[in-house]
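Let me begin by presenting the structure, written as structure tokens, before commenting on it.
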Amino acid sequence: MASSVASRLVTRAAKSKVVFLGTPEVAALSLGLLMDAAGAEDSPFEVSAVVTQPPRPKGRGKKLTPSPVQETALAKGLSADRIWAPERASEADFLAALNELAPDLCVTVAYGNFLPSKFLAVPRLGTLNIHPSLLPRWRGAAPVPRSIEAGDATVGVSLVYTVLEMDAGPILRQHEETADGDELADSLLSRMMVKGTEMLLDVLPRVLVGEVGFTDAVAQDEAAITHAAKMSRADAEMPWGEAASLLHDRVRAFTGWPGSFGTFTVTDAEGAVLEELQIKILKSQVVEGFTAPSMSDCMHEVLQEKKALVVPCGDGGLRVLEIQVPGKKAAPALTYVNALKGGGKRLFVKH
């Protein structure tokens with residue numbers, strides 16, 4: 001019995017120390033998978049600490065709210081004193097605590113803070129990052145939305161070593177799959193983070209014993225770099241003069257924030273303008289073989305189907321299936337179609 005207890009103690013002491021860094025929901029998803037794996041009796045590692053951004057004001061009351069990663073770490077049983085939330089990863093007290101812990105490996109997922117050289121020098125096996133794109137394509141803040149916006153035929157996730165330049169480290173593993181053309185940014189991001197975490201867990205035992213490391217990773221092709229610019233409110237406006245396929249990609253890319261808003265002109269049956277509305281478009285399709293009727297003054301009437309609106313675009317038509325009218329909840333476009341018909345109103349867009 002005594003030898004069995006001693007064996008378990010040795011096993012626990014021998015576990016490699018992994019520190020996880022992340023902040024939003026998708027990072028919390030990865031952390032949950034990592035901590036579940038660490039809890040297995042035969043796991044070669046433990047999650048020794050979690051690093052996240054500090055609580056931020058949230059909601060109407062602007063109450064300070066912990067990040068999803070912090071909440072997940074606590075829910076999974078990590079001690080509060082092992083959850084660190086420095087404003088910057090260069091803070092002396094934070095770096096001192098990290099040095100004292102002496103982690104074997106750090107893992108980052110959407111942490112949101114720059115990691116200085118003093119940080120990167122601490123973990124003896126380096127820092128691995130799960131990045132939701134096929135690097136070197138889409139380095140930067142918004143890889144999944146920019147990939148969808150561009151209509152990429154393939155999507156994926158990369159496991160890379162972190163270096164001082166953003167997303168520029170050598171690639172240890174990649175997962176690639178064919179895009180189906182209907183992915184939404186939020187669901188695709190979550191799926192890629194799960195794939196990336198599974199990829200990490202698959203290679204992690206070999207990384208921790210030194211069988212696989214930085215020198216086994218492949219340098220990125222600098223000539224193939226594209227940049228995933230941070231999203232802004234300017235991305236939300238739908239330019240109806242563009243092709244329907246491009247507009248459909250924008251709707252899919254900017255789900256959540258900033259969303260996709262189209263400007264519509266509402267008229268009465270005789271054509272007198274009643275109001276202009278910015279309607280949020282939540283779900284769309286490209287109408288195959290659509291030819292828009294010719295209109296004057298760059299105004300194009302929105303057609304009404306049984307369950308949707310069809311917006312004439314610069315090339316083709318965009319079928320709008322789900323919308324959110326100002327001051328209303330999200331609803332099927334059918335609801336708005338019925339309201340228009342019942343009031344004898346017409347809807348136009350301007351190219």
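The values are calculated or read from the model by the stated rules, or taken from the named source; none is laboratory data. Keep in mind that what you see is a predicted model, and the values were worked out from it rather than measured. Here the Cβ is made from the backbone with ideal geometry for all residues, glycine too, and neighbour counts use every protein chain on show.
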>> It is to be established whether one or more residues within the range 292-302 are small (G, A, S) and either surrounded by 14 or more Cβ atoms within 10 Å (Cβ to Cβ) or in the same structural domain as E183 (by TED's automatic domain parsing) (or both).
In response: yes
> Can you tell which of D81, D152, D93 is closer than 26 Å to A219 by Cβ, acidic (D, E) and more than 13 Å from the chain's Cα centre (by Cα)?
Replying inline: D152
> All but one of (1) without any contact (Cβ under 8 Å) to a residue 40 or more places away in the chain; (2) more than 19 Å from W240 (Cβ to Cβ) hold for K283; which doesn't?
Replying inline: (2)
> In the range 45-77, what count of residues is obtained for those that are of a type in the set (A, V, I, L, M, F, W, C) and modelled with pLDDT under 95?
Replying inline: 1
>> One residue is enough: does the range 232-255 have a residue meeting the conditions touching an Asp or Glu at 6+ places or on another chain (Cβ under 6 Å) and assigned to a loop (DSSP other than H, G, I, E, B)?
In response: yes
> Does at least one position in the range 211-221 carry a residue that is under 25 Å from V26 (Cα atoms), in a loop (DSSP other than H, G, I, E, B) and among the β-branched types (V, I, T)?
Replying inline: no
>> Need pairs with beta-carbon distance below 8 Å; first residue in the same structural domain as V311 (by TED's automatic domain parsing) and within the range 328-343, second exposed (fewer than 14 other Cβ atoms within 10 Å of the Cβ) and not in a helix (DSSP H, G or I); sequence gap 6+ or separate chains.
In response: P332/K307; A333/K307; L334/K306; L334/K307; V337/K306; V337/K307
>> Restricting to the range 235-266, and then to whatever is of a type in the set (F, W, Y) and under 24 Å from L340 (Cα atoms), can you tell me which residue is nearest to the chain's Cα centre (by Cα)?
In response: F261
